[in-house]
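Here's the structure we're looking at; comments come further down.
The values are calculated or read from the model by the stated rules, or taken from the named source; none is laboratory data. This one's a predicted model, so the numbers in the text were calculated from it and none came from an experiment. As a convention, Cβ positions derive from the backbone with ideal geometry for all residues, glycine included, and neighbour counts pool all protein chains shown. Protein only, heavy atoms only, side chains kept; ligands, DNA and RNA dropped before computing areas. Shrake-Rupley method; radii C 1.70, N 1.55, O 1.52, S 1.80 Å.
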Amino acid sequence: MSLNRRSLLIAGSSVGLATLIYGCSESGAEAEVNANVVTEAEPDGDVALYDGSAIEPINGDAINNPPLADRPMGGIDATVTVVEYVSPTCPHCANFHMTALPQLKEEYIDTGRIRFIARPFRRNVLDLAVFMVAEASGEQYNEILGAYMESQNVWAASENPRQAIFEIAEQYGFTQERFEEVLTDQEMLAAIEATREQALNEFGLQGTPTFYINGDRFEGTPDYAGLSAEIENRL
């Protein structure tokens, strides 16, 4: 199966995806959305940072109103918003998260200079399972997503990827029972699918990773040098 950056794997309907993971269920959990839940950090003085909670849209622009509420990193008062559409099985996404993102975190995110959003774009059923685990973890969303990106070559290549995905989730407190419950959450599944459809139909997304900076699609090289140069132009 090719994981080429510009090839999108269309894996059928939401119900079909749920069946592939485990089986359909009527259970669902509404995501908690908190507009101003932050932690205080002092890298360059008093800077209010997001704590991983889902937030209300920062404004009315379509790019900031996905069906699944965003869980940003960075400064709540930042004037620059970077949105990454990410797929956990995309090798280019994994490379970005292991190379460029740590530098962006140090320079721009952890200092509160930008708001960074890793927004789900599922290309296949494994992506969906990872996103559902990350979303269900709440404030650990970005940490857990990062763990899956760092270990992509392990779980994505496993003979039993579902079990491999669970073993990582288990490290973050998921029991087998909770894992099964999450993978049958129809409300979360629908929100992730709707977020995907919005990206395809409204924003013309063609592959992952794709970045938007203050609503404009970033057309440069998706590495630290390319993104930081554009960020500096917006600050």
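Out of every Cα-Cα pair in region 154-235, what percent are more than 17 Å apart?
I get 67 percent for the Cα pairs in region 154-235 exceeding 17 Å.
Roughly how far apart, in whole Å, are the Cα centres of region 120-154 and region 159-207?
Each part's Cα centre sits 7 Å from the other's.
Please report Rg (one decimal) and Dmax (integer) in Å for the Cα set of region 72-228.
Spelled out, the Cα radius of gyration and Dmax of region 72-228 are 15.3, 45 Å.
Which residues' amide hydrogens lie under 5 Å from the amide hydrogen of ALA54, considering only partners 5 or more residues apart or on another chain, with H built in the peptide plane?
The list, which skips near neighbours in sequence, is ASN34.
Would any residue of region 142-161 have its amide N under 15 Å from a label point 7 Å out along Cα→Cβ of GLU167? List them or say none.
148, 151-161
Accessible area of ASP61, 1.4 Å probe, to the nearest 10 Å²?
Surface open to solvent at ASP61 totals about 90 Å².
On average, how much accessible surface per residue is there in region 114-197, in Å², for a 1.4 Å probe, leaving out ligands, DNA and RNA? Show your work: numbers first, answer last.
Values: 3030 Å² over 84 residues.
Using a 1.4 Å probe on heavy atoms only, each residue of region 114-197 averages 36 Å².
In region 72-228, what % of DSSP beta bridges are antiparallel (nearest 5)?
Roughly 55 percent of the DSSP beta bridges within region 72-228 come out antiparallel.
Quick one: which of 172-182, 95-105, 114-124 comes out on top by average Cβ neighbours within 10 Å, and what's the full order, highest first?
114-124, 95-105, 172-182
Could you check how much of the accessible area of region 72-228 is carbon and sulfur, as a whole percent, using a 1.4 Å probe?
Working: 2640 of 5800 Å².
Carbon-and-sulfur percentage of accessible area, whole number: 46.
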